Amino acid sequence: MASREADDASLPQSDCYVGPTHVYYNLGPRVFWFFSPVPISKDDVERVAHLARIGIDSTEIDAYTADLDRILDLVEQMNEISTQGIEPLAHPQDMQLRLREDTVTESDQRTLFQSIAPQTDQGHYLVPKVIE
Amino acid sequence: MPHRQSLSTLGQMLRRREIGSEELVHHFADRINKQQDLNAFITVDTDYALQQARAADQLLAGGNPPPLAGLPIAHKDIFCTQGMLTTCGSKMLGNFLSPYDATVVRRLKDAGAVTLGKTNMDEFAMGSSNETSHFGPVHNPWNRDRVPGGSSGGSAAAVAARLVSAATGTDTGGSIRQPASFCGLTGLKPTYGRVSRYGMVAYASSLDQGGPITQTAEDAALLLQTMAGFDARDSTSLDAPVPDYAASLKQNIEGLRIGLVSEFFDPSLDPEINAHVREALGELEKLGAKLIDVSLPNSAAGIPCYYVIAPAEASSNLSRFDGVRYGHRSESYADLQALYENTRAEGFGAEVKRRILVGTYALSAGYYEAYYLKAQQIRRRIADDFSQALTECDVLVGPTTPTTAFLLGEKTTDPVSMYLDDIFTITVNLAGLPALSLPVGFDPSGLPIGMQVIGNYLDEGTLLAIGHHFQEVTDWHLHAPGEVA
């Protein structure tokens, strides 16, 4: 079981909050969480597929739910390792992003770039009408 | 026959005018044509290659030609090439003609290399067997019932069958080293940031790194020399000098401390693989290297950690495929939402969808800390393990893979069983270190075995020296599948 300090103001301030996959315990200045054994549901998969804008056929939902459940089981082995007080690593060499002069370095290549677009008109990319 | 020669040897032959680039292109194009059953290539453009070859022959005739003048190579179909399709193994990019060259492609072209074609790969580099490609699986030239490894499976199969002398690949969790190992080749994954990612279709941006798949360490040095170096167009490119890798090959390895990673030589390791890797280590000892035992205690967490970070980054990177600016667009939609959903449902294969869904889940509200943040913390522990081990020794070794090439279809029904195959390679990407896979023998059924050598940041030179010295006293790298003779 791993724990970390509550630095997320969005966490509810009650003593115990049951999230979709975690149970949070608010013990004074620290919030402890652990993975709940609740498997991922079809609703979760539908919700995530919507967030990712991937249409999933109703006949495929069960298979994706089972696959994601197995993958998340694998991922939960992370909890065997304590990470208390460990700084997250985002880049292998902890490098800082470079800054450059704020000057124009690219030329206008709109025609070239739009030549491979599915649908354009007068320099614009075309999509279905969004506002009536 | 020219295809039996290494890239370096062909380079010398071209310079001595014993052979012409145009002749080489005809020869390799003919071989590609005769072995189409391998499915190693997605695109071959002989006319374009011949055009480049004729230009190279003129440079070679004129004296002072660029370093790779006239040498035919192939690019993994993840590298953007102007004027040649870049599909990334996906229906989503099945019609994609990049308006620009990737930095790797441009540099190799400027150095005189001739692009024969684009090699098959797992869709968006997500896979370890080349079976997720929209363009069908690639067969291993050593045994056509088996996978070539992945995701750079087409590059490895093409070089192993000598359809081309060398090819580029990319490695996010082992995608250069594992196929190199399965196909009896030398595969180098450079330090993260050593080779520009500009124009390399992104899978997991903090892990992806391009590198060469070749017959020898000498060939890997030759290609890396041109591929490596700072690129202002890649925000994570390292601004560090590029050493003379040809000189690195000759670097003395006497007294070099080689760390045997105890977790990689677990008692459950396949005995044949164990025996061949240890035999190879014996050769390195004879060359003056010292063997010591080291530990990477958090290695087992590598796979779970990777399967949060890589899908999370993929879910973000692949959001660009929306059917609006380039690539596939669905023909059936009533509104914008349906346009996105149908385009992505039709354009992506099952494994890509699984990873996007896992990544989206891990990053969604309420889960971020438990998954992504936790994974990044474990990533630091894994990187710290390597840093600690590399104070005790100069390089680390172990087998590249837990098994030799598995059967086509063997692991496709269970995605997790496929993921576990990357156990020895994946932590190297999390730490961002360079690593080299070398052929060190064959199992009883004649399938190649690979040994992985992991080095310190930007120390590709030492890895290449070890590979080169080893290949001077052994001949595993000279073995080729039956059809090659």
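Rule-based calculations on the coordinates, nothing more; no lab input. Please read all numbers here as calculations on a predicted model, not as lab measurements. Don't worry about glycine lacking a Cβ; one is built from the backbone with ideal geometry, like all the others, and counts go over all protein chains shown.
Couple of notes before you dig in:
- Count of the range B:208-251 residues which are over 30 Å from B:G127 (Cβ atoms) and within 14 Å of chain A (Cβ to nearest Cβ): 4
- From B:L396, B:L438, B:L407, B:L447, residue being in contact with a Gly (Cβ under 6 Å, 6 or more places away or on another chain), away from chain A (no Cβ under 11 Å), of a type in the set (A, V, I, L, M) and closer than 17 Å to B:A180 by Cα: B:L438
- Any chance B:G150 is surrounded by 24 or more Cβ atoms within 10 Å (Cβ to Cβ) and assigned to a strand (DSSP E or B): no
- The set of residues in the range B:281-298 that are surrounded by 21 or more Cβ atoms within 10 Å (Cβ to Cβ) and away from chain A (no Cβ under 14 Å) comprises B:L284, B:A289, B:V294.
- Of B:D414, B:D384, all but one fail to be within 28 Å of the chain's Cα centre (by Cα), more than 8 Å from chain A (Cβ to nearest Cβ), surrounded by fewer than 19 Cβ atoms within 10 Å (Cβ to Cβ) and acidic (D, E); the exception is B:D384.
- Residues satisfying the criterion are present in the range B:319-334 (criterion: buried (at least 18 other Cβ atoms within 10 Å of the Cβ) and among the charged types (D, E, K, R)).
- Note on the range A:96-124: among residues that are under 30 Å from B:Y457 (Cα atoms) and either out of contact with any Ser or Thr (no Cβ under 9 Å at 6 or more places or on another chain) or among the acidic types (D, E) (or both), the one that is nearest to the other protein chains (Cβ to nearest Cβ) is A:R100.
- Scanning the range B:251-270 for residues that are in contact (Cβ under 8 Å) with a residue 24 or more places away in the chain and either within 20 Å of B:P297 (Cα to Cα) or among the hydrophobic types (A, V, I, L, M, F, W, C) (or both) gives B:I253, B:L256, B:R257, B:I258, B:G259, B:L260, B:V261, B:S262, B:E263, B:F264, B:F265, B:L269.
- Hey, A:Q93 facing another protein chain (nearest Cβ under 8 Å), without any contact (Cβ under 8 Å) to a residue 12 or more places away in the chain, over 30 Å from B:R194 (Cβ atoms) and out of contact with any Pro (no Cβ under 7 Å at 6 or more places or on another chain) or not: no
- Residue, surrounded by the fewest Cβ atoms within 10 Å (Cβ to Cβ), within the range B:417-444, restricted to residues that are among the β-branched types (V, I, T) and over 24 Å from B:D475 (Cβ atoms): B:I423
- Just one of (1) assigned to a loop (DSSP other than H, G, I, E, B); (2) of a type in the set (G, A, S); (3) within 25 Å of B:A204 (Cβ to Cβ) fails for B:G70. It is (3).
- Leading residue by the ranking (nearest to the other protein chains (Cβ to nearest Cβ)) among those in the range A:45-90 that are among the small types (G, A, S) and closer than 25 Å to B:I382 by Cα: A:A90
- Qualifying residue in the range B:57-64 (condition: part of a helix (DSSP H, G or I), polar (S, T, N, Q) and more than 23 Å from B:L93 (Cβ to Cβ)): yes
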